[in-house]
Structure formats: structure tokens, C-alpha cells
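Peer 1: Once you've had a glance at the structure underneath, I'll fire off some questions.
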Amino acid sequence: MAADAIGIPRAALPQRIASLVPDKDTPILTMCAGGTRSLLAADTLQQLGYTNVASIRGGFKRWRAENLPLQFDAFDEDAADRYSRHLLLPEVGAAGQVLLGKARIALVGAGGLGSPAALYLAAAGVGTLTLIDDDKVEKSNLQRQVLHADARVGMAKTESARMTLAALNPRVQIQAREERLYAANVEALIRDHDVVIDGADNFPTRYLLDAASRRLKIPLVYGAVHRFTGQVSVFDARRAESPCYRCLFPEPPAAGEAPNCAEAGVLGVLPGIIGLLQASEAIKLVLGIGVPLVGRLLCFDALAATFRELRLSRDADCPGCGADARFAGYEDIARICANH
Ligand SMILES: [Zn+2]
């Protein structure tokens, strides 16, 4: 909004103006988005007996184009109430909440990691959440995938997730992409997002995401869980010093060497903890606050109740981001994964 302006719905103007401006000779400027409705509002005010009324030609669009002063604390009542605990934090505040509202975050996987991340990102007021998953809800998911519900077993995970998230925060735009991420669509799926959260359960997806997020220069928030342990890091291709996923895992493991949840089991709360650390990193990246987990691998052991941090350096010989690394297309990466 323009600085010092007061937002009034046009229909409420005749009722509200008398208490806001009791003196009918007070100068009043009316403004809307483009200048048409403010002209009608000015007309209404004159009919009510206000003598010094002018409408701003070109409206807010022109105000902004001419770099005139703005205020950012003009949330509607719902947003001011809903995000009040964010607005109290100077590090977030109204300007930060506006940034969150404009943010687009892609979640790859609406499963164990994606569930807690999506819930809290929606609650936080992230403007657009894109959910990418082609699975259906199974009963064995419900032990940890808290986006879903017993009555929705058999439903597409993206649709089940959309229902839960819309009920939590109807302001958030949910884009459900019920498709598998593969070589041909990975760039199209994550392009135009500010952050990508990796909640994938398979290596081809992780290696494709690594390549695409590096090429598109979108920060990738990595998370993984195994039995009672989990790990988180941030790979941010916008920063020259940031390692990538392949600095950590140069090649996919041989088939059978890295059992997934379905084979090895996982403590149900583990992806909850790791997925929320991913959400926390994503919010920090959007707001530009704090110290991101770039160049650090945070490892959590639930049985020991310990967090351990490992330093991750960029590997000069990394097949993904090293000096001699050659990108031969996403099909090639998919092939490397298939051959292991
Ligand atoms: Zn690398």
C-alpha cells in the first residue's frame, strides 16, 4: 500500500468514512489499483458532503512505478491475525511475511519428509507449494506421512496432501503435480521456484534433482532418513563455495546396497524431525536470514539423541560440479542410476 494510506473496501466506504474523517473539509485522496474505482469512490465521498476530494490518476500501479513511498504492514485482517507470531519477529516481520507470500517452493515427494515440510511451509504462509509425487496413499505410509489420512488410502498423495494443506491454510496455492520426476520433465517441474525440497525416496530422482537444481541455480534442501538416523544439508548452486549432492555421493550406490524405508524400516518420527529441518532451511533461504546449512551436513541420531555436524567441502573432482564435470543430459544421469 501507499505509505500512510488506509485500506477500506469500497462497499464499506459510506459506513466507515464518517468515523475515520469526521471533518468534511479534510483533504482526502482516493486511490485504487488503476484509478477507475477510486474515481467512483471520490464521487461517493462528494455525495456524502466531503468538499476536498481528489482521485489519484493511474492508481497504485503508477504510485509504485514512480517509486513513491510504500508501507508493507497493510495485511488484511486474516493475514495479520494468522501470521501475528511471525510479524512480532524483527527477522521476519511484515516485509518477511510478504516475501514468504511471494515464495514458490517445490516439494519432491509428498511422503515422510514432504509431509512435515509441507504442513509447516503452508502454515508459515508460503505463497505457492508445488507437490510432485505420483504415488497413492497406502496404509503403511500413515505411520509417518502425516499429510494423509486413514480414509484416504488409495487416493493420489498429491490430492490427499492438497486437502490437508488447504484446510490448514486456505491462502496457500497448492499446485499438485501427480507425475513421476524423470529426465524429460525435471527442469519443467522445478523451474520458476525459489527453493526445492528433496523428499525423494529413490536415487534416480535425487541425481536428477541435483543436476537440474545446479543448472537452474535453485537451492536444493536435501534430507534423508534411515532407521533411527537422518541427515540434512543445503546445496546452493548460486554460491561458488557450495558443494553439491554429488560432492557427497559421487555415484549412486549399487542396487541393494542402500535399502529404502520399505526394506530397512524407519522410526516414524524421524522423517518428521528431518523434514522440519528442511522446512526451516527453506524459510531461511526465502527470508535471507541466519546461516544456511551450506557446506555442512547435519546428522541426527534419534537413539543417542545427538546432532553431529560434518563439514562438507566442494570436491574439485566431483562428477557433478567439478572442473572436469561434463553435463551430457538428464537421460545420461538416469542411465548412470539405472546401471548401478
Ligand atoms: Zn559437486
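The values are calculated or read from the model by the stated rules, or taken from the named source; none is laboratory data. Quantities reported herein were computed from a predicted structural model and do not represent experimental measurements. In this analysis, Cβ positions are derived from the backbone assuming ideal geometry, glycine residues included, and neighbour counts consider all displayed protein chains. To get the accessible areas, we keep the full protein, side chains included, count just its heavy atoms, and leave off ligands, DNA and RNA. Shrake-Rupley method; radii C 1.70, N 1.55, O 1.52, S 1.80 Å.
Peer 1: Starting from 0.36 nm per residue, how many nanometres of slack lie between R37 and R296 once their C-alpha separation is accounted for? All intermediate terms of the calculation are to be shown ahead of the outcome.
Peer 2: Numbers: separation 259, 0.36 × 259 = 93.24 nm, distance 5.32 nm.
Using 0.36 nm per residue and subtracting the Cα-Cα distance, I get 87.9 nm.
Peer 1: Sorted from largest down, give the three principal axis spans of the alpha carbons of region 115-173, whole angstrom values.
Peer 2: Each principal axis gives a Cα extent; for region 115-173 these are 30, 19, 16 Å.
Peer 1: Net charge within 14 Å of I132 by Cβ-Cβ distance, Lys/Arg positive one each and Asp/Glu negative one each, not counting I132 itself? Walk me through the intermediate numbers first.
Peer 2: Numbers: positive: R104, K157, R162, R177, R180, R191, R206; negative: D133, D134, D135, E159, E178, E179, E187, D192, D198, D201.
Result for the neighbourhood of I132: -3.
Peer 1: Next up: Rank by packing, highest mean first: peptides 203-214, 326-337, with packing defined as the count of other Cβ atoms within 10 Å averaged across residues.
Peer 2: Details: 203-214: 23.7, 326-337: 14.4.
The densest-packed peptide leads the list: 203-214, 326-337.
Peer 1: For K217 and H340 in one chain, what is 0.36 nm times their gap in residues minus the Cα-Cα distance, to one decimal in nm?
Peer 2: Values: separation 123, 0.36 × 123 = 44.28 nm, distance 2.71 nm.
Residue separation times 0.36 nm, minus the Cα-Cα distance, leaves 41.6 nm.
Peer 1: If r is the Cβ-Cβ distance from D23 to K102 and R0 is 41 Å, what FRET efficiency results, to the nearest 0.05?
Peer 2: On the way: r = 39 Å, r/R0 = 0.95.
Efficiency at R0 = 41 Å is approximately 0.60.
Peer 1: A further question on this structure: Ranked from highest to lowest mean number of other Cβ atoms within 10 Å per residue, what is the order of the peptides 79-91, 185-197?
Peer 2: On the way: 79-91: 13.6, 185-197: 19.5.
The packing order, highest mean first, is 185-197, 79-91.
Peer 1: Do you know the relative contact order of the chain, to the nearest whole percent, from alpha carbon pairs under 8 angstrom that are 6+ apart?
Peer 2: Values: 619 pairs, mean separation 47.8, N = 340.
Computed value for the chain: 14 percent relative contact order.
Peer 1: Net charge within 12 Å of G322 by Cβ-Cβ distance, Lys/Arg positive one each and Asp/Glu negative one each, not counting G322 itself? Numbers along the way, then the final one.
Peer 2: Working: positive: R214, R246, R314, R326; negative: D315, D317, D324.
Summing Lys and Arg as +1 and Asp and Glu as -1 gives +1.
Peer 1: With a 1.4 Å probe and every protein chain left in place, work out the accessible area per residue of the chain in Å², rounded to a whole number. Write out the running numbers ahead of the final one.
Peer 2: Values: 17380 Å² over 340 residues.
Dividing the accessible area of the chain by its residue count gives 51 Å².
Peer 1: Probe radius 1.4 Å, ligands and nucleic acids ignored: give me the carbon and sulfur share of the accessible area of the chain as a rounded percent. Can you show the working numbers first?
Peer 2: Details: 9180 of 17380 Å².
It is 53 percent, rounded to a whole number.
Peer 1: What size of dipole, in debye to the nearest 20, comes out for the chain about its Cα centre when the only charges are +1 on Lys and Arg C-beta atoms and -1 on Asp and Glu C-beta atoms? Walk me through the numbers before you get to the answer.
Peer 2: Values: 37 positive and 38 negative charges, 110 e Å.
The dipole magnitude comes to about 520 debye.
Peer 1: I'd like to know which of A161, I190, G96 lies farthest towards the positive end of the charge dipole of the chain, counting +1 on Cβ of Lys and Arg and -1 on Cβ of Asp and Glu.
Peer 2: Result: G96, furthest along the dipole toward the positive end.
Peer 1: Show that you can apply the helix-only estimate: for the chain, add -39,500 (n - 2.57) for every DSSP H stretch of four or more residues, divide by all residues, and state [θ] at 222 nm to the nearest 500. Intermediate values should be presented prior to the final figure.
Peer 2: Values: 14 runs with 125 residues, N = 340.
Calculated at 222 nm, the ellipticity per residue is -10500 deg cm²/dmol.
Peer 1: What Kirkwood hydrodynamic radius, in Å, does the chain give when the mean of 1/r is taken over all pairs of distinct Cα atoms and then inverted?
Peer 2: Values: mean 1/r = 0.0443 Å⁻¹.
Hydrodynamic radius (Kirkwood, Cα pairs) of the chain is 22.5 Å.
Peer 1: Between A54 and A80, what FRET efficiency follows from the Cβ-Cβ distance if R0 is 30 Å, with the result rounded to 0.05?
Peer 2: Working: r = 29 Å, r/R0 = 0.96.
Efficiency at R0 = 30 Å is approximately 0.55.
Peer 1: To the nearest 20 Debye, how big is the dipole of region 177-297 about its Cα centre, given +1 on the beta carbon of each Lys and Arg and -1 on that of each Asp and Glu?
Peer 2: On the way: 13 positive and 14 negative charges, 65 e Å.
For this selection, approximately 320 debye.
Peer 1: Can you pull the semi-axes for region 170-289, root of five times each eigenvalue of the Cα gyration tensor, sorted largest first, whole Å? Intermediate results must be reported in sequence, preceding the final value.
Peer 2: Details: eigenvalues 97, 65, 52 Å².
They are 22, 18, 16 Å, listed from largest to smallest.
Peer 1: Provide the packing ranking of 216-222, 43-49, i.e. peptides ordered by the mean count of other C-beta atoms within 10 Å per residue, highest first. Walk me through the numbers on the way to the answer.
Peer 2: Numbers: 216-222: 22.3, 43-49: 13.6.
Those peptides, ordered most packed to least, come out 216-222, 43-49.
Peer 1: About its Cα centre, what dipole magnitude does region 32-73 give when the only charges are +1 on Lys and Arg Cβ and -1 on Asp and Glu Cβ, stated in debye to the nearest 20? Before the final figure, lay out the partial values.
Peer 2: Working: 5 positive and 3 negative charges, 36 e Å.
Dipole magnitude for region 32-73 comes out near 180 debye.
Peer 1: A further question follows. Please name which of I289, A323, H340 has its Cα lying farthest along the dipole of region 285-340 towards the positive end, using unit charges on Cβ (Lys, Arg +1; Asp, Glu -1) and the Cα centre as origin.
Peer 2: In region 285-340, that residue is I289.
Peer 1: Give me the number: length gained by fully extending L88 to E257, i.e. 0.36 nm times residue separation minus the C-alpha to C-alpha distance, one decimal in nm. Provide the component values of the computation, followed by the final result.
Peer 2: Details: separation 169, 0.36 × 169 = 60.84 nm, distance 4.80 nm.
So the chain would gain 56.0 nm between L88 and E257.
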